[in-house]
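Participant: I have a structure here, written as structure tokens, and I will follow up with some questions on it.
Laboratory data are not the source of any read-out in this text; all were calculated from the coordinates shown. What you see is a predicted model, and the numbers here were worked out from it, not measured in a lab. All Cβ positions, even for glycine, are placed from backbone atoms using ideal geometry, and neighbour counts span all protein chains on display.
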Amino acid sequence: MRSLRCLTVAVALLLLPVRASADQIVSFGQLGTTNLFFATNNGDGTTTLASDAGVSITNIVSGATDPNALFTFDAESIGAAETFVGPGGDTGIFQNYEGTFNLTNSAGTFSYLSGSFGGALLLGGEGGTGAVFTANTITFDPLTMDTDLPVFLVDPMSFSLSLSNLTPGLGISGGTINSFSASFTGTADAQVQAQVPVPEPASLVLLGSGLIGLASRARKRWRRA
């Protein structure tokens with residue numbers, strides 16, 4: 001009878017839902033020092049952002065890593081680029097974008113993270129060599145993210161790229177951001193929930209048979225007593 005109780009408790013614990021928690025899905029950076037992120041001024045008032053580069057993933061949800069992953073990114077501007085003055089008097093440039101991204105293993109057979117975004121924002125100072133590209137569900141909707149990792153992305157929160165070594169520096173040409181190349185690192189955050197494996201029918205039959213066997217055995221012992 002004690003064995004039956006222990007097995008029943010163990011099964012119940014396995015089937016309990018896992019509480020969602022905020023997590024960093026991935027953090028990654030490009031391989032090498034060559035600029036692998038590109039902005040292209042299309043000459044028609046729009047700018048295209050793109051990258052197709054090898055990256056090293058320094059964290060994947062549970063702390064795992066992948067030193068040889070692939071990152072693809074494509075976005076196009078929506079509306080004109082504008083300058084702004086921050087609270088401290090610093091100037092910057094922003095422009096909205098829509099696009100998609102995908103972070104996979106080197107063979108392209110497993111997606112660590114993919115998604116689409118609208119209303120993302122590119123920030124940087126006029127003539128500056130650094131900028132930040134951000135998509136999030138607080139200010140800019142929609143942001144969707146999906147993964148082949150064994151988790152549910154309950155609430156995608158943000159996806160961002162930090163750009164450095166902009167060449168030439170950030171500026172506006174023809175109402176849109178000028179062409180440049182840059183190096184990059186990236187992060188993505190979401191509220192995640194671990195997947196609980198669902199037993200196959202055959203496994204359920206075996207489990208049921210085991211429980212019946214233990215119950216029968218316990219009943220016989222009780223009768224002898």
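Participant: Using only the Cα atoms of the range 50-135, build the gyration tensor, take square roots of its eigenvalues as a ≥ b ≥ c, and label the shape rounded, prolate or oblate: rounded if a/c is under 1.5, else prolate if a/b is larger than b/c, else oblate. If you can, show how the numbers build up before the last one.
Facilitator: On the way: a/c = 2.79, a/b = 1.98, b/c = 1.41.
Here the range 50-135 falls in the prolate category.
Participant: Apply 1/(1 + (r/R0)^6) to the Cβ-Cβ distance of Ile138 and Thr72, taking R0 = 25 Å, and write down the FRET efficiency to the nearest 0.05.
Facilitator: Numbers: r = 25 Å, r/R0 = 1.01.
Calculated transfer efficiency: 0.50.
Participant: By the gyration tensor of its Cα atoms, with a ≥ b ≥ c the square roots of the eigenvalues, what is the shape of the range 66-107: rounded for a/c under 1.5, prolate for a/b over b/c, or oblate?
Facilitator: On the way: a/c = 6.35, a/b = 2.13, b/c = 2.98.
It comes out oblate by the Cα gyration axes.
Participant: How large is the charge dipole for the range 18-196, taken about the Cα centre, if only the Cβ atoms of Lys, Arg (+1) and Asp, Glu (-1) carry charge, to the nearest 20 debye?
Facilitator: 280 debye
Participant: Averaged across orientations, what area in nm² does the convex hull of the alpha carbons in the range 18-196 project? The partial results should precede the final answer.
Facilitator: On the way: hull surface 42.2 nm².
Result: a mean projected hull area of 10.5 nm².
Participant: With each label point set 7 Å from Cα along the Cα-Cβ vector, what nm distance links Asp44 and Ala64?
Facilitator: 4.2 nm
Participant: OK, next. At most 16 other Cβ atoms within 10 Å and a DSSP loop assignment: could you name the GluC sites (Glu not before Pro) in the range 32-113 that fit?
Facilitator: Values: sites: Glu76, Glu82, Glu98; in loops: none.
In loop regions of the range 32-113 (DSSP not H, G, I, E or B), there are no sparsely surrounded GluC sites (Glu not before Pro).
Participant: Packing-wise, with mean Cβ within 10 Å as the measure, how do 32-44, 151-163 rank, highest first? If you can, show how the numbers build up before the last one.
Facilitator: On the way: 32-44: 15.5, 151-163: 19.3.
Result, highest mean Cβ count within 10 Å first: 151-163, 32-44.
Participant: Follow-up question, since we're still on this one. For the range 20-171, build the charge dipole from Cβ charges (+1 Lys, Arg; -1 Asp, Glu) around the Cα centre, then report which of Gly125, Leu170, Ile57 sits farthest towards its positive end.
Facilitator: Ile57
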